[in-house]
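For reference, the structure discussed in these notes is given below.
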Amino acid sequence: MIEKFRIHIVHTGFILLMVFLLSSCEGETTYTQRVTNFSSDTIALQIISQYDNTVDYVFLTPGKSETLFVLSKLGGDESAPNCTFEIDSVIVFITSGKTLKKDFTNPNDWTHTYYSRNNGRFVDQYCDFEIFPIDLEN
């Protein structure tokens, strides 16, 4: 009886150790969506999420940057994401009355960079929407 108990404990301990080791090797990818206002105008954004229709408000004074969304998943992934993830629509208000020529839902209006560590097991993906004076029109 005692021998069966010891075998059970060793077997259970081995399984727990393997689960821990395998999950620690998995890695992680973090996706960060950011917007930066390089113009001289103050810009307000009303952002509607595509998954749960929540509404977020972001106020960008000149030179200010804000993080819109951060998502994580298991496993290192260096492939370029669709930078419009999470965004259903955006309403843009510019204090000077100008309009934004770029579109938050157009992947081509985003820039993508990533940083990888531990042989690609951990990856930080960044999607940046940058607003320059040339992107605004009267």
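Screening ARG121 with (1) out of contact with any Cys (no Cβ under 8 Å at 6 or more places or on another chain); (2) under 23 Å from GLU26 (Cα atoms); (3) surrounded by 15 or more Cβ atoms within 10 Å (Cβ to Cβ); (4) basic (Lys, Arg) gives one miss only, at (1). Within segment 22-79, which residues are among the aromatic types (Phe, Trp, Tyr) and more than 21 Å from VAL123 (Cα to Cα)? The answer is PHE38, TYR51, TYR57, PHE59.
Mind checking which residues of segment 57-112 are in contact with a Cys (Cβ under 6 Å, 6 or more places away or on another chain) and of a type in the set (A, V, I, L, M, F, W, C)?
Scanning segment 57-112 gives CYS83, TRP110.
Considering THR113, THR99, the condition of being touching a Leu at 6+ places or on another chain (Cβ under 8 Å), polar (S, T, N, Q) and surrounded by fewer than 16 Cβ atoms within 10 Å (Cβ to Cβ) is satisfied by THR99 alone. Does PHE104 satisfy the condition of being within 16 Å of VAL35 (Cβ to Cβ) and in a loop (DSSP other than H, G, I, E, B)? Criteria met by PHE104. Scanning segment 85-96 for residues being crowded, with 16+ Cβ neighbours inside 10 Å and in a strand (DSSP E or B) gives a total of 5. Just give me the residues in segment 19-69 being polar (S, T, N, Q), part of a loop (DSSP other than H, G, I, E, B) and either closer than 15 Å to SER89 by Cβ or modelled with pLDDT under 95 (or both), in sequence order. Answer for segment 19-69, where residues must be polar (S, T, N, Q), part of a loop (DSSP other than H, G, I, E, B) and either closer than 15 Å to SER89 by Cβ or modelled with pLDDT under 95 (or both): GLN50, ASN53, THR54.
The values are calculated or read from the model by the stated rules, or taken from the named source; none is laboratory data. This is a predicted model, so every value here is computed, not measured. Quick reminder, even Gly has a Cβ in these numbers, built from the backbone with ideal geometry, and neighbours come from all protein chains shown.
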